[in-house]
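S.K.: Below is a structure I'd like to ask you about.
The values are calculated or read from the model by the stated rules, or taken from the named source; none is laboratory data. In this text, all values refer to a predicted model and were calculated from it rather than measured experimentally. In this analysis, Cβ positions are derived from the backbone assuming ideal geometry, glycine residues included, and neighbour counts consider all displayed protein chains. Only protein heavy atoms, including side chains, enter the accessible area calculation; ligands, DNA and RNA are left aside. Shrake-Rupley method; radii C 1.70, N 1.55, O 1.52, S 1.80 Å.
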Amino acid sequence: MSPMSRRRLLLGVPALAAAGVLTEGRAATAAPANAAGTALVDRYGQYLHQSWPGKVTSDEQLRREYAEEAARLAGVAFDTTAYDAYGGLKRLGRREATGYFRLEKVEGRWWFVTPDGHLFFLKGVDAFSAEEWGYGTLYLNADGSPRELFEELPDRDRFAAAYAVVEQGLHTVSFLKANLMRKYGDDYKDRWRDISRRRMIDWGFNAQGKWHRDPAVVMPYIERAPTPTDVIKVGWGIDPFDRDFSAKLDRAFGDFGMRRMRDDPWLIGYFFENERGWNREIVAQVVRRGSDLPAKRAFVRHLEQAYGADLARVNEILGTDARSFRALADEVIDIGRVPDGDVRAFITQASATYFRKVRQAIKRHDPHHLFLGSSLVPTWRTSPEWNVGGIEHLDAISFDWYSDSADYLRQYETHDKPIINIEFSFCYPDRGLTSHNPSITATGIADRGEKFKAFVEAQAKSPVFVGYAWFVYYDQAVTRKPGATEAFNMGLANQQDQPYHEMTDIMRATNRNVEAVHLNG
């Protein structure tokens, strides 16, 4: 779930909540967000219709909070006695040092191993960058008229860096960037990086996860391998049977500059695409297409092999009267006539083809780093067959799992393949912000931390689980992120750069103990 991409439908969250209106019967009230002239947020991007301790009332308050936090974190430094340079835990012994991150099974439990050879458990933060425009919000409607949701927009001259036209021509403003400039100065980046790095050390996080990162903050990180723009698509899925798929991958990876990353010891590995696998719905679209679609030809080849080239039997099953298997590729096939076993087998074949070609392309450009899969949601836009069909071509399976239950791991432990969860959060629907779904909805800020602790430790007990990344560093805007209905309380800090200390205090203790939890199961 990219900060700048679409989000899954809100589960159990009222439509008004998605528009930034307070939910769940909070004491404050708000007018409907769509009412003409109804302002939702103040000049700092804060919800207007509620008060709370610490709500920002002046630029001076922001500068004072910076001075106070800088003094509090002045003594925070990376512990080189306990960890190697990359965050590997020294007390767990030293393994083979290859100069790059790798994975190893040690005494029945999987771990990352750092370039220096120490065991490492991934504890990342996604979208670790003030330049992430998913933290912004639209200030113009599609017709160019102003969105009348703002008491006051940041000054266009002073805060020019807080404005941009992003994906699909969306006119976006980032109250976060404006607030960082107010807090740290117009040339805010170095001060922001210093305080953010100290926060990560203090809170026990050791890596930059998915999405926009800040390369000037030196930490282990995960990179996204770019998707070629000219792939053949079926629904949301890629057709991996395209004979030119590998060549398209090579061009995209080359343009991206993947070869320049091959010697970077801080790079953990790559994921490819995001939350897009195959399921029965994709196969239903494939079988209705003609022979011009590579996947349709591959499906017919599967049937020919599966039924021993018995065309009469295949016609009988499908209710078709094709005179040859070649002709069958041009027939419109009803997915309801296709045996479930054949659907699942074909998805498995497609997955193996897809992940094999992606891995081979990555290794041609970068032979040193890990391939972490496609960051799939186990139960959405994919299937169990896709999730593991290409498992032999993966170094690890990556999931995005927004839940308070770690039970999803059980069905994958039998494959004995390392697993990471690189998107998850817990939200408190308050101060104009909302939650993603009921299973991750907390009853307060501290409860977000308690839910983090319980979920992280439950996952860490699994012998195949090797790490996680929290989504995200900052909350989304109360007035919704660009191009979506999301106004989620997912941040470690709010858009005024105020950390949620009641939560991060619990995260600190959890992160510092998670290796012991994983070690002991």
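S.K.: Please name whichever of W52, G75, A39 sits farthest to the positive end of the charge dipole of the range 37-79, dipole taken about the Cα centre and charges placed at Cβ: Lys and Arg +1, Asp and Glu -1.
M.R.: A39
S.K.: Another one. Mind putting a number on the dipole of the range 381-521 about its Cα centre? Charges go on the C-beta only, +1 for Lys and Arg and -1 for Asp and Glu, and I need it in Debye to the nearest 20. All intermediate terms of the calculation are to be shown ahead of the outcome.
M.R.: On the way: 12 positive and 19 negative charges, 45 e Å.
Here the range 381-521 has a charge dipole of around 220 debye.
S.K.: Can you grab the distance from the C-alpha centre of the range 221-286 to the C-alpha centre of the range 49-91, Å, no decimals?
M.R.: Centre-to-centre (Cα) distance: 37 Å.
S.K.: What ³J(HN,Hα) values, in whole Hz, does the Karplus curve 6.51 cos²θ - 1.76 cosθ + 1.60 give for the range 352-357 when θ = phi - 60°, with x put for Gly and Pro?
M.R.: 4, 5, 4, 5, 5, 5
S.K.: Calculate, in nm to one decimal, what W52 and E68 gain on full extension: separation in residues at 0.36 nm each, minus their alpha carbon distance.
M.R.: On the way: separation 16, 0.36 × 16 = 5.76 nm, distance 1.97 nm.
Stretched out fully, the W52 to E68 stretch lengthens by 3.8 nm.
S.K.: Averaged per residue, what accessible area in Å² does the range 309-426 show with a 1.4 Å probe, protein chains only? Show your work: numbers first, answer last.
M.R.: Values: 4540 Å² over 118 residues.
Ligands and nucleic acids excluded, the result is 38 Å² per residue.
S.K.: Sort the range 93-155 into rounded, prolate or oblate with this rule: let a ≥ b ≥ c be the square roots of the eigenvalues of the Cα gyration tensor; rounded if a/c is under 1.5, and if a/c is not under 1.5, prolate when a/b is larger than b/c, oblate otherwise.
M.R.: Verdict is prolate for the range 93-155.
S.K.: Also: In nm, to one decimal, how far is the W380 label point from the F256 one, both placed 7 Å along Cα→Cβ?
M.R.: 2.3 nm
S.K.: Then there's this: State the percentage of accessible surface on the range 300-427 attributable to carbon and sulfur atoms; use a 1.4 Å probe and exclude ligands, DNA and RNA.
M.R.: Looking at the range 300-427 in its full context, I get 44 percent from C and S.
S.K.: Read phi for every residue in the range 243-258 and hand back ³J(HN,Hα) as whole Hz from Karplus 6.51 cos²θ - 1.76 cosθ + 1.60, θ = phi - 60°, with x for Gly and Pro.
M.R.: 5, 9, 4, 5, 5, 5, 4, 4, 5, 5, 5, x, 4, 5, x, 4
S.K.: Can you find, among L303, F159, F471, the residue sitting farthest towards the positive end of the charge dipole of the chain, where Lys and Arg contribute +1 and Asp and Glu -1 at Cβ?
M.R.: Of the candidates, L303 comes out farthest on the positive side.
S.K.: Right, something else. Excluding F205 itself, what net charge comes from residues whose Cβ is under 15 Å from its Cβ, given Lys and Arg +1 and Asp and Glu -1? It would help to have the intermediate numbers written out before the result.
M.R.: Details: positive: K123, R193, R197, R198, R199, K210, R213, K453, R508, R512; negative: D79, D126, D202, D214, E423, D505, E515.
Net charge around F205: +3.
S.K.: So what is the relative contact order of the range 202-351, in percent, for Cα pairs below 8 Å that sit 6 or more residues apart? Kindly include the intermediate steps, with their values, before the conclusion.
M.R.: Values: 159 pairs, mean separation 33.0, N = 150.
Reported as a whole number, the value is 22 percent.
S.K.: Along the charge dipole of the chain, Cβ charges K/R +1 and D/E -1, which of A361, L180, V456 sits furthest on the positive end?
M.R.: Toward the positive end, the furthest listed residue is A361.
S.K.: Compare R72, R431 by solvent-accessible area with a 1.4 Å probe and give them largest first, with all protein chains kept in place.
M.R.: Working: R72 135, R431 50 Å².
Reading off the accessible areas and sorting them downward yields R72, R431.
S.K.: Could you give the nm distance between label points at R323 and L92, where each point is 7 Å from its Cα heading toward the beta carbon?
M.R.: 6.5 nm
S.K.: While we're here: Give me the distance between the Cα centres of the range 112-153 and the range 306-338, rounded to whole Å.
M.R.: Spelled out, the Cα-based centre of one part sits 49 Å from the other.
S.K.: Additional query: How high is the FRET efficiency between R356 and A306 when r is their beta carbon distance and R₀ equals 22 Å, given to the nearest 0.05?
M.R.: That pair, R356 with A306, gives E of 0.60.
S.K.: How many percent of DSSP beta bridges within the chain run antiparallel, rounded to 5?
M.R.: Taking every DSSP beta bridge with both residues in the chain, the antiparallel ones total about 45 percent.
S.K.: Once the piece of chain linking N141 and A509 is laid out straight, how much longer is it, given 0.36 nm per residue of separation minus the C-alpha distance between them?
M.R.: Between N141 and A509, full extension yields an extra 128.1 nm.
S.K.: Let me ask something additional. Check K90: other-chain or 5+ apart residues with amide H under 5 Å from its amide H, H built from backbone geometry?
M.R.: Y83, D84
S.K.: Only one of the listed values, (1) 24.6; (2) 29.9; (3) 25.8, was derived from the coordinates as Kirkwood radius over Cα pairs in Å; which label is it?
M.R.: Structure-derived value, by its label: (1).
S.K.: Follow-up question, since we're still on this one. Please say if the range 94-243 is rounded, prolate or oblate, where rounded means a/c under 1.5 for a ≥ b ≥ c the square roots of the C-alpha gyration tensor eigenvalues, and otherwise the choice is prolate for a/b larger than b/c and oblate otherwise? Could the numbers behind the result be given before it?
M.R.: Working: a/c = 3.25, a/b = 1.42, b/c = 2.29.
Verdict is oblate for the range 94-243.
S.K.: Mind running the shape call on the range 385-487? Use the C-alpha gyration tensor, a ≥ b ≥ c as the square roots of the eigenvalues: rounded below 1.5 for a/c, prolate if a/b tops b/c, oblate otherwise.
M.R.: prolate
S.K.: List the relative contact order of the chain as a percent without decimals, with contacts defined as Cα pairs under 8 Å and 6+ residues apart.
M.R.: Values: 1047 pairs, mean separation 107.3, N = 521.
Dividing the mean separation by the residue count of the chain yields 21 percent.
S.K.: Quick one: Karplus J couplings for the range 478-494, per residue in order, coefficients 6.51, -1.76, 1.60, θ = phi - 60°, nearest Hz, x for Gly and Pro?
M.R.: 4, 8, 6, 6, x, x, 8, 9, 8, 9, 8, 8, 10, x, 6, 9, 8
S.K.: Something else about it: Nothing charged except the Cβ atoms of Lys and Arg (+1) and of Asp and Glu (-1): what's the magnitude of the dipole of the chain about its Cα centre? Round to the nearest 20 debye.
M.R.: That gives the chain a dipole magnitude of about 700 debye.
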